[in-house]
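A short write-up of the structure that comes next.
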Amino acid sequence: MLTVESLKKSYDDTTRRSSRRSSGQGTRVYAVGGVDFEVHAGELFTLLGPSGCGKTTTLRAVAGLERPTEGRVTLGGTVLFDSAHGINVHANRRGLGMVFQSYAIWPHLSVFKNVSFPLEVMPRAKRPGRKEIQERVEHALDVTELGAYTSRPATKLSGGQQQRLALARALVTRPELMLLDEPLSNLDAKLRETMRFELKRLQRELNLTAIYVTHDQAEALVMSSRIAVMNKGRVEQIGKPREIYTKPATRFVAEFIGTSNFMEAKVVSVSGSEVRVDTAQGRLVARGVEVAPAVGATVLISIRPECVDLSRERRGNVPNEWAGTVLTRAFMGDVVDHIVGVGDLEIHNRSNPNLSIAPGTEVHFSVAPDKVILVPLD
């Protein structure tokens, strides 16, 4: 549905004026350094990454609020931007719905008027009749569960209701594509968690196609059909949430999505999809490896804390079992985190709260071979 190709956005580096004067050349800084992705109809596609990674700039380029330096953006059969042919459709003609981080509701208007406003200011040739505006506004308010607040001033709504009002205002125009720029970041933690499921419900029920920008990993994992993890203006990996979490393509992805235990290892044998590696602390077996490295290669091992099975007793009949000592533990409510020392290495374990082992206790832990992830070294 939406295709973004070789998108770049650069700015002058104003911090290096003296060097530009001496060299006679400008320095370009790329906020987006060549991004490619495709959004399919009916999916919620998330741009995920830390502050400054280029995700919001990419979204604004799709919206027409930023003019890219290079690239091409197409929606269906319509070219919205093409640097090679000088095409740049104005933002108000792209037919996109957008929900901002700040909601941007009009405080002097009622809930109904906030939602009807985009329809009322349409060009006369495209503007719906009064009856259709009434029906579309009521439908948008009903699906966002704001039907009981039509005459209420927008400022008298709660934070969650204001967020849904901004969404209703975007929905009422029936856009081909919705753009959501961190719409939940201003909500408190409990309400944010509730609204994740509300937004996902609406997206599925209305079969919306949307691009969602966030730095919140949990938000991305809960809501997304697919995720593009961005870093320094580029896409590191695109995939479904489970794939991104269980099979990170780079160290950055493995570190940014959740937490992980890392260690370098040397490949000692490869048999089909089974790879045996040696680390400074001992041997590990990895299974289900899709692209096996060469024997003798150095790789990075990633093991998620919840995949570390901790026990006070040695079992002996399981692969990848090591001995260690609990260094510290932390009760987190729904889980208990243990840090286990193995030589100079510290292994992070995340367990059911029923398991809580005191620091100083000798323990054994194991990792299933299919949970040992081989990550290419950067």
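The values are calculated or read from the model by the stated rules, or taken from the named source; none is laboratory data. What you see is a predicted model, and the numbers here were worked out from it, not measured in a lab. Cβ coordinates were reconstructed from backbone atoms using ideal geometry, including for glycine residues, and neighbour counts include every protein chain displayed.
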For residues that are within 28 Å of the chain's Cα centre (by Cα) and not β-branched (V, I, T), scanning just the range 354-376, find the one that is nearest to A280 (Cα to Cα).
-> L374
Do you know which residues across the range 110-128 are β-branched (V, I, T) and either in a loop (DSSP other than H, G, I, E, B) or without any contact (Cβ under 8 Å) to a residue 40 or more places away in the chain (or both)?
-> V121
Identify the single condition in (1) on the phi > 0 side of the Ramachandran plot; (2) over 21 Å from the mean Cα position of the chain (by Cα) that G54 does not satisfy, given that it satisfies every other one.
-> (2)
Name the residues in the range 203-246 that are of a type in the set (D, E) and not in a loop (DSSP other than H, G, I, E, B), would you?
-> E205, E219, E236, E243
Some residue of the range 89-100 being modelled with pLDDT under 95, over 15 Å from R174 (Cα atoms) and surrounded by 17 or more Cβ atoms within 10 Å (Cβ to Cβ) | no
Give the range 82-109 a look and list any residue that's touching a helix residue (DSSP H, G or I) at 6+ places or on another chain (Cβ under 7 Å) and not in a loop (DSSP other than H, G, I, E, B), or say none.
-> A91, L96, G97, M98, V99
Which one of V285, V277 is closer than 24 Å to R350 by Cβ, under 31 Å from the mean Cα position of the chain (by Cα) and not in a loop (DSSP other than H, G, I, E, B)?
-> V285
Among residues of the range 222-261 being buried (at least 22 other Cβ atoms within 10 Å of the Cβ) and more than 28 Å from I339 (Cβ to Cβ), the residue farthest from the chain's Cα centre (by Cα) is G233
Considering residues of the range 162-192 that are at pLDDT 85 or above and surrounded by fewer than 20 Cβ atoms within 10 Å (Cβ to Cβ) only, the residue farthest from L119 (Cα to Cα) = E182
Mind counting the residues in the range 57-81 that are over 24 Å from the mean Cα position of the chain (by Cα), in a loop (DSSP other than H, G, I, E, B) and surrounded by 14 or more Cβ atoms within 10 Å (Cβ to Cβ)?
-> 1
